[in-house]
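Shown below is the structure under consideration.
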Amino acid sequence: MSARLLSIPAVAAALDVDRRTVYRFIAAGELPVVDLRTGPGRSRVRIPAAGLEEFITSRSVAVSRPRR
């Protein structure tokens, strides 16, 4: 299995938002995470690239054209 994992700063840059916003999306369950914790200290999370793509797709909206 070859899942590409993205860091929080990379996801924030891709979405053009602050890192805190990415953490809010995670807390709300809108972005999936992989926790790479190696001990009792701080966790190290990554976002699967496929999860980011799904998030973007779910947030996409169609723009309606004005009638003439």
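The values are calculated or read from the model by the stated rules, or taken from the named source; none is laboratory data. As the structure is a computational prediction, the values presented were derived from the model and not from experiment. With ideal geometry, Cβ positions are generated from the backbone for all residues, glycine too; neighbour counts draw on all protein chains shown. Areas reflect the complete protein model, heavy atoms only, side chains present, ligands, DNA and RNA absent. Shrake-Rupley method; radii C 1.70, N 1.55, O 1.52, S 1.80 Å.
Would a scan of segment 28-35 turn up a residue that is out of contact with any Lys or Arg (no Cβ under 6 Å at 6 or more places or on another chain), free of Cβ contacts under 8 Å to residues at least 12 places away in the same chain and surrounded by 10 or more Cβ atoms within 10 Å (Cβ to Cβ)? Quick ask: steps written out before the conclusion?
Within segment 28-35, the first condition is being out of contact with any Lys or Arg (no Cβ under 6 Å at 6 or more places or on another chain), and the residues that meet it are 28-33, 35.
Restricting the remaining residues to those that are free of Cβ contacts under 8 Å to residues at least 12 places away in the same chain gives 28-29, 35.
Of the ones still in play, those that are also surrounded by 10 or more Cβ atoms within 10 Å (Cβ to Cβ) are none.
Scanning segment 28-35, I find no residue that is out of contact with any Lys or Arg (no Cβ under 6 Å at 6 or more places or on another chain), free of Cβ contacts under 8 Å to residues at least 12 places away in the same chain and surrounded by 10 or more Cβ atoms within 10 Å (Cβ to Cβ), so the answer is no.
Using beta carbons and a limit of 9 Å, which pairs, at least six apart or on different chains, have the first residue in segment 4-18 and closer than 12 Å to residue 56 by Cα and the second one open to solvent by 70 Å² or more (accessible area, probe 1.4 Å)?
The qualifying pairs are 11/19.
Next question, about the same structure. How about segment 36-66: which of its residues are open to solvent by 90 Å² or more (accessible area, probe 1.4 Å) and not in a loop (DSSP other than H, G, I, E, B)?
53, 54, 57, 59
Take segment 39-54 and flag every residue that is in contact (Cβ under 8 Å) with a residue 12 or more places away in the chain and under 16 Å from residue 9 (Cα atoms).
Scanning segment 39-54 gives 45, 46, 47, 48, 49, 51, 52.
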